[in-house]
Amino acid sequence: MVTTIRVEEDHEVGKGIVGAVTSVVGRIGGRNAVIARSLGTMRRGAITHADGVRLAEAADQARALGIPFVFFVASSGADVLDGVAALHGWGRAAAAISRCSGQVPVIAAATGPVVSGPALLLGLSDLVVMSSEAVAFVSGPQMVAEFTGIPLATIGRMARALAWPSANHAWTGDSSAARPASSS
């Protein structure tokens, strides 16, 4: 039995909430989805409490309707002008997105820098697509170097060296690359 569900186009979630995030129920590739967009042009996409509420409501709506939640994001992090309330807002968004787990697909598209707390939202997604302009990190290179005393480039080399080798490769102790395992 095939059931067709008609979803009203352009039904706004969180209507009247002003901020960097917009959301609608629409279609992507012919399929219904709840679509949220973080406008990176508005205070570099800084997420206010209202933006977090809008993201949370959009994710909850996707789960209630049983359709994918797709969010496009470019964000400089929590809006400092909104104070601690902004952190609570993106925390609400994170909780709502995590409730989607196993219920509906969550797809994130990073369209520009995604830094600080909002970068963690990418990790809650089932699929992350990044444009050529996108970067994502919780703390910047300078903060990492100040905290660890190790320049980020060194950390990157260490991470590549410690990457788990595939089943057909053996660890050789050479940090530059894993080599195929010998047959002897």
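The values are calculated or read from the model by the stated rules, or taken from the named source; none is laboratory data. This one's a predicted model, so the numbers in the text were calculated from it and none came from an experiment. As a convention, Cβ positions derive from the backbone with ideal geometry for all residues, glycine included, and neighbour counts pool all protein chains shown.
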Q: Select from segment 94-114 the residues that are of a type outside the set (S, T, Y) and assigned to a loop (DSSP other than H, G, I, E, B) and list them in ascending order.
A: C100, G102, Q103, V104, P105
Q | Subset of segment 65-94 [within 13 Å of the chain's Cα centre (by Cα) and at pLDDT 90 or above] | A | F69, V70, F71, F72, A93, A94
Q | V13 surrounded by 14 or more Cβ atoms within 10 Å (Cβ to Cβ), closer than 24 Å to A95 by Cα and either modelled with pLDDT of 85 or more or out of contact with any helix residue (DSSP H, G or I) (no Cβ under 8 Å at 6 or more places or on another chain) (or both) | A | no
Q: From (1) surrounded by fewer than 20 Cβ atoms within 10 Å (Cβ to Cβ); (2) within 22 Å of V135 (Cα to Cα), pick out the condition that doesn't hold for Q103.
A: (2)
